[in-house]
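Asker: Got a structure for you, written out below as structure tokens; questions coming shortly.
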Amino acid sequence: MFDVITFGSATQDIFLESKKFLPVAGKIFATGEGLCLPSGAKIEVENIFLASGGGGTNAAATFAHQGFKTAYCGMVGADSLGDLIINELKQYNINTSLIKKTEKLPTSTSVLLMQPGSDRTILVYRGAADVLKRKDIMWDKIKKTKWFYLAPFAGKLTELTEALVVFAVKNKLKVAFNPGYNQLTLPATTLRRILKKIDVLILNQEEASLLTKIPYQKEKEILKKIDQLTAGIVIMTKGGAGATVSDGRNLYHAPSLGMKMVDATGAGDAFGSGFVSGLLQRNDVVYAIQLAMANSSYAITKLGAKEGLLKKGAKWPKVKVEKKPYE
């Protein structure tokens with residue numbers, strides 16, 4: 001029996017760092033700034049780093065690091081990159097027996113272009129991760145667990161969200177849900193049915209605003225509305241401003257630990273899986289927030305989503321959590 005099974009994408013992340021990725025300001029870029037490369041040129045990079053990524057495997061790495069019996073369920077291509085991901089997950093002591101391979105699409109891949117002192121630009125190929133279907137899941141095996149952790153789904157994978165939640169409830173399993181854009185834009189009636197069954201809902205400010213259609217600055221209004229949608233614990237992460245959590249009775253505010261960021265890849269995955277790990281260890285919301293904040297803070301100090309994750313038994317700073325009764 002597993003403690004946690006994670007679902008979501010598995011990708012091969014390739015980090016390329018070069019001073020020759022030149023930042024250029026311009027209105028044609030959605031963010032106001034882009035990276036410039038000379039056409040037809042051969043550009044040397046100073047650093048290259050390869051690691052597995054994707055919300056499903058990132059969350060699984062936290063649970064495994066914290067000593068829980070963990071499995072990942074997802075899809076990779078029948079190719080060398082898929083084998084690379086599977087072998088890396090095994091090194092993290094993550095069970096890979098629920099992973100399916102497909103010959104129809106290559107393994108999902110992300111190329112991260114990094115320029116020192118500037119934000120990263122990510123080139124994403126969704127590939128195999130998004131085509132996992134109901135028939136690919138070993139339903140008899142996945143009911144032998146305590147928790148499902150649903151990382152962001154995209155593409156065809158989104159259609160599995162409600163089926164997994166309904167299956168979990170039927171088999172008396174707990175569900176943590178960290179929805180992506182595709183899941184948050186499911187038909188309203190479908191999304192409401194899903195949210196009513198969730199034990200822990202994990203969102204960032206932008207996602208919480210999208211779900212509630214309330215400006216993200218109006219934190220109390222957002223949380224109040226989400227609390228009406230789900231009986232579970234609601235988490236809203238705020239980047240460098242920390243996080244706010246509601247259990248329906250109390251509001252918990254925690255600042256960031258303020259660690260120097262090297263790479264933000266997987267920070268949200270580290271927070272959500274860190275929080276659920278804390279609940280598994282002590283069933284204490286304050287402790288769960290502290291572990292989540294420390295896990296995500298250390299995660300951003302290393303390249304890749306898994307290199308900086310906390311391990312069981314390691315010492316870590318506990319952020320001060322402010323707890324107030326819900327008004």
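The values are calculated or read from the model by the stated rules, or taken from the named source; none is laboratory data. No experiment lies behind these values; they were computed from the predicted model shown. Note that we place each Cβ from the backbone using ideal geometry, even for glycine, and neighbour counts take in every protein chain shown. In case anyone asks, the SASA skips ligands and DNA or RNA and just uses the protein heavy atoms, side chains included. Shrake-Rupley method; radii C 1.70, N 1.55, O 1.52, S 1.80 Å.
Asker: Run the simple label-point estimate for K312 and K20 please: 7 Å along Cα→C-beta, distance reported in nm.
Answerer: Those two pseudo-labels are separated by 4.7 nm.
Asker: Related question: Using a ≥ b ≥ c from the Cα gyration tensor of the stretch 212-297 (square roots of the eigenvalues), is it rounded, prolate or oblate, where a/c under 1.5 gives rounded and otherwise the larger of a/b and b/c decides, a/b for prolate? Could the numbers behind the result be given before it?
Answerer: Numbers: a/c = 2.04, a/b = 1.25, b/c = 1.63.
Verdict is oblate for the stretch 212-297.
Asker: Rounded, prolate or oblate for the stretch 148-288? Axes are the square roots of the Cα gyration tensor eigenvalues, ordered a ≥ b ≥ c, and the cut-off for rounded is a/c under 1.5. Please report the intermediate quantities before stating the final value.
Answerer: Details: a/c = 1.38, a/b = 1.29, b/c = 1.07.
It is rounded, given that a/c, with a ≥ b ≥ c, falls under 1.5.
Asker: Quickly work out the L37-to-N283 label distance, labels modelled 7 Å from Cα along the C-beta direction, and quote it in nm with one decimal.
Answerer: 5.2 nm
Asker: Something else about it: Can you pull the percent of the stretch 57-203's accessible area that's carbon plus sulfur, 1.4 Å probe, other chains left in place? All intermediate terms of the calculation are to be shown ahead of the outcome.
Answerer: Details: 3380 of 6610 Å².
Roughly 51 percent, rounded to a whole number.
Asker: What is the distance, in nm, between label points placed 7 Å from the Cα along the Cα-to-Cβ direction at E44 and at I122?
Answerer: 3.0 nm
Asker: Within the stretch 256-327, which chymotrypsin sites (Phe, Trp or Tyr not before Pro) sit in a loop by DSSP and count at most 10 neighbouring Cβ atoms inside 10 Å? Before the final figure, lay out each step's value.
Answerer: Details: sites: F271, F275, Y287, Y298, Y326; in loops: Y326.
In loop regions of the stretch 256-327 (DSSP not H, G, I, E or B), there are no sparsely surrounded chymotrypsin sites (Phe, Trp or Tyr not before Pro).
Asker: Probe 1.4 Å, all protein chains in place: accessible area of R134 in Å², nearest 10?
Answerer: 140 Å²
Asker: Could you work out which residue, out of T189, T31, T230, moves most in a Gaussian network model of the chain, that is, has the largest mean-square fluctuation with Cα springs under 10 Å?
Answerer: Of the options given, T31 has the highest mean-square fluctuation.
Asker: Oh, and also: Between K320 and M261, what is the FRET efficiency for a Förster distance of 25 Å, r being their Cβ-Cβ separation, to the nearest 0.05? The partial results should precede the final answer.
Answerer: Numbers: r = 21 Å, r/R0 = 0.84.
Calculated transfer efficiency: 0.75.
Asker: Here's something else I'd like to know. In whole Å and largest first, what semi-axes does the C-alpha gyration tensor of the stretch 1-108 yield when each eigenvalue is scaled by 5 and square-rooted? Kindly include the intermediate steps, with their values, before the conclusion.
Answerer: Details: eigenvalues 231, 50, 38 Å².
Each semi-axis is the square root of five times an eigenvalue, giving 34, 16, 14 Å.
Asker: For the chain, what is the accessible area per residue in Å² when the probe is 1.4 Å? Can you show the working numbers first?
Answerer: Numbers: 15690 Å² over 327 residues.
Normalised by residue count, the accessible surface of the chain is 48 Å².
Asker: On a 31 Å Cα-Cα criterion, which of the cross-link pairs K42/K100; K90/K133; K260/K311; K20/K260 come out too long? Could the numbers behind the result be given before it?
Answerer: Numbers: K42/K100 37 Å; K90/K133 23 Å; K260/K311 20 Å; K20/K260 23 Å.
Where the Cα-Cα span goes over 31 Å, the pairs concerned are K42/K100.
Asker: Which of the following values of volume of the Cα convex hull per residue in Å³ was calculated from the structure shown: [x] 166; [y] 153; [z] 144?
Answerer: [z]
Asker: Could you tell me what a quarter of the Cα convex hull surface of the stretch 179-235 works out to, in nm² with one decimal place?
Answerer: Details: hull surface 13.3 nm².
Averaged projected area of the stretch 179-235's Cα convex hull equals 3.3 nm².
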